[in-house]
Amino acid sequence: MKLHFDHVLVTRLLAHAEAATEHTPTFAQLCDKTFHREGVTAKYPTSEDLDLTKIPPGLMLVGDLGVYLMSNGTPGLAGQKGTDHLVAYAEEVDPQINPEGWYDMKQSSFGADDGAEFLSAECVRKALEATVNGKFWLNVTAQYISAPSLAPDNSGI
């Protein structure tokens, strides 16, 4: 399902993630020993076991109360109306815009379970470039996430 996001807000979230020196991990990154501090041997690591400077910058696609993007930069980017984090809701799955249908749309796109998926800064940047004249979008299902990118310029070949 194609989900649409505010281009300017996604650009702001990405800039925050790229400017941060530490990043919040997803669950998959928490379990990845590449990001662990030296000497950590915990079977079930916590964020204190990680070197947060090793987590790459990017955005998290979150399925929870709706589907939204947020920066993984630490400290977080303060949200509006007293919320902890600034987020960019998918228009189709925003409980404020679609109070009657957001839950079914969330299940159809992200799946029934809540969670967060990491999107690299490079992937997001390419998608922002490809959608510069319109809404930023991602194609999201419970099995995969895809993003638009500009076709390579092969005119010189």
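The values are calculated or read from the model by the stated rules, or taken from the named source; none is laboratory data. Model, not experiment: these values are computed from the prediction. No Cβ is skipped: glycine too gets one built from the backbone with ideal geometry, and neighbour counts run over all protein chains shown.
At least 1 residues that are acidic (Asp, Glu) in each: list the strands (runs of 3 or more DSSP E) lying fully within the range 64-157 that qualify.
Values: elements: 66-71, 87-89, 115-120, 136-140.
Once the strands (runs of 3 or more DSSP E) in the range 64-157 are filtered for at least 1 residues that are acidic (Asp, Glu), what remains is 115-120.
To keep it simple, each residue is scored yes or no on (1) of a type in the set (S, T, N, Q); (2) in contact (Cβ under 8 Å) with a residue 40 or more places away in the chain; (3) more than 15 Å from Met60 (Cβ to Cβ).
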site	(1), (2), (3)
Lys81	no, no, yes
Asp84	no, no, no
Glu92	no, yes, yes
Pro99	no, no, yes
Lys135	no, yes, yes
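Report every pair of residues separated by at least 6 positions or lying on different chains whose Cβ atoms are under 7 Å apart, first residue within the range 43-60 and under 14 Å from Ala20 (Cβ atoms), second exposed (fewer than 11 other Cβ atoms within 10 Å of the Cβ) and at pLDDT 95 or above.
Listed pairs, sorted by first residue: Thr53/Thr21.
Any residue that is basic (Lys, Arg), surrounded by 14 or more Cβ atoms within 10 Å (Cβ to Cβ), modelled with pLDDT of 95 or more and out of contact with any Ser or Thr (no Cβ under 8 Å at 6 or more places or on another chain) - is there at least one of those in the range 121-134?
Among the residues of the range 121-134, at least one is basic (Lys, Arg), surrounded by 14 or more Cβ atoms within 10 Å (Cβ to Cβ), modelled with pLDDT of 95 or more and out of contact with any Ser or Thr (no Cβ under 8 Å at 6 or more places or on another chain), which makes the answer yes.
Of everything in the range 31-63, what is touching a strand residue (DSSP E or B) at 6+ places or on another chain (Cβ under 7 Å), among the aliphatic types (A, V, I, L, M) and either outside any loop (DSSP other than H, G, I, E, B) or loosely packed, with under 11 Cβ neighbours inside 10 Å (or both)? Give them in sequence order.
Once the filter is applied, which keeps residues that are touching a strand residue (DSSP E or B) at 6+ places or on another chain (Cβ under 7 Å), among the aliphatic types (A, V, I, L, M) and either outside any loop (DSSP other than H, G, I, E, B) or loosely packed, with under 11 Cβ neighbours inside 10 Å (or both), the range 31-63 yields Leu50, Leu59, Met60, Leu61, Val62.
May I ask you to list the residues in the range 72-125 that are under 20 Å from Phe27 (Cα atoms) and among the aromatic types (Phe, Trp, Tyr)?
Within the range 72-125, Phe110, Phe118 meet the criteria.
May I ask you to list the residues in the range 86-110 that are within 19 Å of His7 (Cβ to Cβ) and either within 13 Å of the chain's Cα centre (by Cα) or among the basic types (Lys, Arg) (or both)?
Leu86, Val87, Ala88, Tyr89, Ala90
Would you point out the residue of the range 1-30, among those that are surrounded by fewer than 14 Cβ atoms within 10 Å (Cβ to Cβ) and touching a residue at least 12 places away in the same chain (Cβ under 8 Å), that is nearest to Asn133 (Cα to Cα)? Working first, answer last.
Filtering the range 1-30 for residues surrounded by fewer than 14 Cβ atoms within 10 Å (Cβ to Cβ) gives 2, 8, 19, 21, 27-28.
After this cut, where a residue has to be touching a residue at least 12 places away in the same chain (Cβ under 8 Å) as well, the list is 2, 19, 21, 27-28.
Numbers: Lys2: 17, Ala19: 25, Thr21: 30, Phe27: 34, Ala28: 33 Å.
Filtering the range 1-30 for residues that are surrounded by fewer than 14 Cβ atoms within 10 Å (Cβ to Cβ) and touching a residue at least 12 places away in the same chain (Cβ under 8 Å), the one nearest to Asn133 (Cα to Cα) comes out as Lys2.
Only one of Leu52, Leu14, Leu3, Leu9 is at pLDDT 95 or above, of a type in the set (A, V, I, L, M) and over 30 Å from Asn98 (Cβ atoms); which? Full working, then the answer.
Working: Leu14 fails: over 30 Å from Asn98 (Cβ atoms); Leu3 fails: over 30 Å from Asn98 (Cβ atoms); Leu9 fails: over 30 Å from Asn98 (Cβ atoms).
The unique qualifying residue is Leu52.
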